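Everything on this sheet refers to the single structure shown next.
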Amino acid sequence: MKEKGGSRAAVDERYAQWKSLIPVLYDWFANHNLVWPSLSCRWGPQFEKATYKNRQRLYLSEQTDGTVPNTLVIANCEVVKPRVAAAEHISQFNEEARSPFVKKYKTIIHPGEVNRIRELPQNSKIIATHTDSPDVLIWDVEAQPNRQAQLGATESRPDLILRGHKDIAEYALAMCPAEPYVLSGGKDKSVVWWSIQDHISALGDSSKTESSPGASGSKGKTANDKDSPKVDPRGVFHGHDSTVEDVQFCPSSAQEFCSVGDDSCLILWDARTGTSPAVKVEKAHGGDVHCVDWNLHDVNYILTGSADNSVRMWDRRNLGSGGAGTPIHKFEGHKAAVLCVQWSPDKASVFGSSAEDGFLNVWDHEKVGNKKNPNSPAGLFFQHAGHRDKIVDFHWNSSDPWTIVSVSDDGESTGGGGTLQIWRMSDLIYRPEDEVLAELENFKAHLASCAPRS
């Protein structure tokens, strides 16, 4: 980030300014220092509701230097409820310390580094991981034994291995909201689609525990797969000309999905009509496309984020078959490559984007027309500036509204490690303006009534 986000001094100054504003900008904020960077962060199931806070699983990883094993970490997180935390408390934290709200619950020794984690929406105790191999690994995190991450420790055994890529598949990974389906993309330029349920037959078939022909000649280390059942794909989809960087299911259809890649393309697929693209947008961006998300509330809308620093919003109804699709909006506020985009589960028009510039921007596409501040990018209404290096992943919490977990890889800025932050912006920022003004008027009247009479 030194070369992209200005000098170290400028970053530190920006950070100090941001920290002083925490009591104004946030309803709740927690900072958790990570010894090793985590390249992914995901919310798991909420397992306890109390008066002032909820408890929920959080999935993280530890990307180590080899002196200790790479791990998949299941943490228990306490999420403080809205309008509970005192403003002075949330801004008093030590950057080098662990948060009292995040406690490690279980460690899984992962075969290779964890590049991406995705949870199964129907059962978020089941997660998929990508490492530097062609395989997708499936874990039942509650059933997996807790391990000590020591040098030389044997790797944990995945509950299932999904085979089908012919080369390393590092990042593109998605799980279907409707069915237990998994989607992956990789360096072999293909999108591969599995059903986890296909392992029911594989469990009884001893031949499946041998290595599959597709993976044997491929590059990269395959998982420690003795006795792990294997599943072959339902379909392999070809249409990209370079590495596939991200994939996403259509929220309303288990047979429809999309993918983006280093060929700058956005491709929509329909498994019912074959393994060729249903729609292909040739130059979706002016650079590699790193991420894609499909709107949960309105399935016509798709977001893409790119190395060209922009986020683009597409309406699948007007993508056309000629590949000359035009985005409805271009969101330009980042100063470096966009790494992650995600629609909010709480409001259909809101989404977040995180980038190598260390910012997590929150946008509302309905606000694009009514610009109040000519200096701020159209649609941008909140900027989370708590990270001091590239934000590699973030995840909206579907159990606790407007609550986000974000993680930065701080290798470039502080000589290693990472920062995990869990935060919720003040509701005065996103609620309807008239509602907020009425509340502030009431508060003013209340203060006046409390004032001592002269």
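The values are calculated or read from the model by the stated rules, or taken from the named source; none is laboratory data. In this text the structure is predicted, and so the values were computed from the model without any measurement. We place every Cβ from the backbone using ideal geometry, glycine too, and count neighbours over all the protein chains shown. To get the accessible areas, we keep the full protein, side chains included, count just its heavy atoms, and leave off ligands, DNA and RNA. Shrake-Rupley method; radii C 1.70, N 1.55, O 1.52, S 1.80 Å.
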Sequence order, the stretch 119-127: Karplus ³J(HN,Hα) from phi using 6.51 cos²θ - 1.76 cosθ + 1.60, θ = phi - 60°, Hz rounded, Gly and Pro as x, gives 9, 7, x, 6, 8, 6, 7, 9, 10
Of the residues G305, V68, V368, the Cα lying farthest along the dipole of the chain towards its positive end, which is defined by charges on the beta carbon of Lys, Arg, Asp and Glu, belongs to V368
For the stretch 116-175, the dipole about the Cα centre with charges only on Cβ (Lys and Arg +1, Asp and Glu -1), to the nearest 20 debye, works out at 40 debye
In whole Hz, the Karplus estimates of ³J(HN,Hα) for the stretch 68-78 (6.51, -1.76, 1.60; θ = phi - 60°; x where Gly or Pro) are 9, x, 5, 9, 9, 10, 9, 10, 9, 10, 9
With R₀ set to 22 angstrom, the calculated FRET efficiency between the beta-carbons of Q150 and D227, to the nearest 0.05, is 0.45
Across all Cα atoms of the stretch 299-454, Rg and the largest Cα-Cα distance (Dmax), in Å, are 18.8, 76
CD proxy, 222 nm, the chain: helix-only mean residue ellipticity via -39,500 (n - 2.57) per DSSP H run with n ≥ 4, per residue, nearest 500, stands at -3000 deg cm²/dmol
With the stretch 1-96 reduced to its Cα atoms and the Debye formula applied, log10 I(q)/I(0) at q = 0.11, 0.13, 0.24 1/Å amounts to -0.48, -0.66, -1.20
Descending packing, highest mean Cβ count within 10 Å first, for 340-348, 124-132, 42-50 is 124-132, 340-348, 42-50
Ratio for the stretch 266-330, C-alpha Rg to 2.2 N^0.38 Å, reads 1.08
Long-range share for the chain, i.e. C-alpha pairs more than 33 Å apart as a percent of all pairs, stands at 36 percent
For the chain, longest principal axis from Cα atoms; helix 8-20 axis from its Cα atoms; angle between them, nearest 10 degrees, is 60 degrees
Per the rule of 0.36 nm per residue minus the C-alpha distance, extending R14 to S449 adds in nm 152.7 nm
Of the residues H285, H446, S91, the Cα lying farthest along the dipole of the chain towards its positive end, which is defined by charges on the beta carbon of Lys, Arg, Asp and Glu, belongs to H446
Expressed in nanometres to one decimal, the distance between label points 7 Å along Cα→Cβ at D65 and E48 is 3.7 nm
Answer in debye to the nearest 20: the dipole magnitude of the chain about its Cα centre, from +1 Lys/Arg and -1 Asp/Glu charges placed on Cβ, is 660 debye
The helix 433-450 Cα axis meets the longest alpha-carbon principal axis of the chain at an angle in degrees, between 0 and 90 and rounded to 10, of 40 degrees
Cα-Cα pairs in the stretch 288-384 separated by more than 20 Å, as a whole percent of all pairs, come to 32 percent
Output ordering of 161-172, 16-27, 295-306 (per-residue mean of other Cβ within 10 Å, highest first) is 161-172, 295-306, 16-27
Hull volume per residue for the stretch 347-397, using the convex hull of the C-alpha atoms, in Å³ is 82 Å³
hull vol. (C-alpha, convex hull) per residue for the stretch 159-199, Å³ -> 74 Å³
Label model pair E142, K335: point-to-point distance (7 angstrom along the Cα→beta-carbon line) in nm is 4.6 nm
Descending accessible area (1.4 Å probe), largest on the left, turns D232, D241 into D241, D232
Of the residues N33, S195, P432, the Cα lying farthest along the dipole of the chain towards its positive end, which is defined by charges on the beta carbon of Lys, Arg, Asp and Glu, belongs to P432
Pseudo-spin-label distance Q122 to I328, built 7 Å along Cα→Cβ, given in nm, is 3.0 nm
